[in-house]
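For reference, the structure discussed in these notes is given below.
The values are calculated or read from the model by the stated rules, or taken from the named source; none is laboratory data. As the structure is a prediction and not an experimental result, all values here were calculated from the model. Here the Cβ is made from the backbone with ideal geometry for all residues, glycine too, and neighbour counts use every protein chain on show.
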Amino acid sequence: MDTHVNVIAILWIISGIFGLFLAVGLFLILIGVSYIPDMGHEAPVILRLVAIWGSIFIAAFAAPEIIGGIGLMKKKEWGRILVLVVSFLNLIWFPFWTALGVYSIVVLLKEETVQLFRT
């Protein structure tokens, strides 16, 4: 069961890093597009607002994935609970995060895994 927990931790850390890259990429692209000349007055403001708030929104979902993955690797109970919450929230993102969420939930709710985190 220890191997499954480590695999889940690594996958959630990778997923979180991917989310952070996505947030930075969205920010850079939209900010860059907002500086195209002759766009008018409203479009750059809207693009910059979407860039800032969209990247904050994506990063807010990516950060707990990384933190939870690190907690799992260190065998902390709070990491197991955080990854369970993140797993439930990510079930709607088909197909990869649904599969990762189901795998995480199944492994982390087993009694054997619960005992692993209590020691």
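I'm checking my understanding of the structure. Among residues of region 67-93 that are closer than 14 Å to residue 5 by Cα and β-branched (Val, Ile, Thr), which one is nearest to the chain's Cα centre (by Cα)?
Across region 67-93, the extreme among qualifying residues is 83.
Tell me which of these residue 77 doesn't satisfy, since it passes every other one: (1) loosely packed, with under 14 Cβ neighbours inside 10 Å; (2) without any contact (Cβ under 8 Å) to a residue 40 or more places away in the chain.
(2)
Within the set of pairs 6 or more residues apart or between chains, which connect a residue that is of a type in the set (D, E, K, R) inside region 31-59 to a residue that is part of a helix (DSSP H, G or I) with Cβ atoms less than 9 Å apart?
48/30; 48/31; 48/34
From the list 96, 61, which residue is under 14 Å from the mean Cα position of the chain (by Cα), closer than 30 Å to residue 109 by Cβ and surrounded by 14 or more Cβ atoms within 10 Å (Cβ to Cβ)?
Matching residue, one of 96, 61: 61.
Do the conditions hold for residue 34, that is, is it over 30 Å from residue 112 (Cα atoms), surrounded by 17 or more Cβ atoms within 10 Å (Cβ to Cβ) and small (Gly, Ala, Ser)?
When the stated conditions are applied, residue 34 passes them.
Might you let me know whether region 13-36 holds any residue that is under 30 Å from residue 106 (Cα atoms), modelled with pLDDT under 95 and not polar (S, T, N, Q)?
No, there is no match, as no residue in region 13-36 is under 30 Å from residue 106 (Cα atoms), modelled with pLDDT under 95 and not polar (S, T, N, Q).
For the list (1) of a type in the set (Ser, Thr, Tyr); (2) buried (at least 16 other Cβ atoms within 10 Å of the Cβ); (3) free of Cβ contacts under 8 Å to residues at least 60 places away in the same chain, I need the number of the one condition that residue 15 fails.
For residue 15, the exception is condition (3).
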